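Contents: one structure, followed by commentary.
Read-outs: derived from the displayed coordinates by stated rules, not from any lab. The structure presented is a predicted model; accordingly, all values stated were derived computationally and were not measured. Counting neighbours? That spans all protein chains shown, and the Cβs are built from the backbone with ideal geometry, glycine included.
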Amino acid sequence: MDLAIEIDAIEPIDPAEKLRALRTELIEDEALHEKISILSAPPAEGTLGTATDMVIVALGTGGAITVAARATATVLTAWLHREHTNLDIHLTDTATGRSVDLNIESGRSITYDELATFVTRSIEKLVNDSVDRPGSDAE
């Protein structure tokens, strides 16, 4: 299973910059450093360069999914907890297209543990849906 992570800015920030920062955090995790890639979209008509669209985390199959999913949730939680911007995070199972949206508001009073529970449950939902899918190779 591959998990795509996309970021949309709610306030005037560069979502590609935030995505690159998150990618750096994910790569630094020992359980994830070889599982991270970036998928870039072609430039919009009339613009130069590429836009970073999403970070892909290769969660793997079988028992490896659980380890990689937990590591991803831990890194994402820590990164979000340090961020002081409003962000929409889109998590998508690339095989099924199923997704979960996380709306993170910097001014909202939420503890680290509450954020960790929210992020972990969101990722677990996608993983469980993938494992339960008929014909899934995630089993």
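General remarks:
- Remark: the Ile13-His90 segment gains 26.1 nm on full extension, using 0.36 nm per residue and subtracting the alpha carbon distance.
- Extension gain, Ala64 back to Arg82 (0.36 nm per residue minus Cα-Cα distance, nm): 3.7 nm
- In this simple spin-label model, placing a label point 7 Å from the Cα along the Cα-to-Cβ direction at both Glu124 and Ser40 gives a separation of 3.7 nm.
- The Glu30 and Thr111 beta-carbon pair, evaluated with R₀ = 25 Å, returns a calculated FRET efficiency of approximately 0.45.
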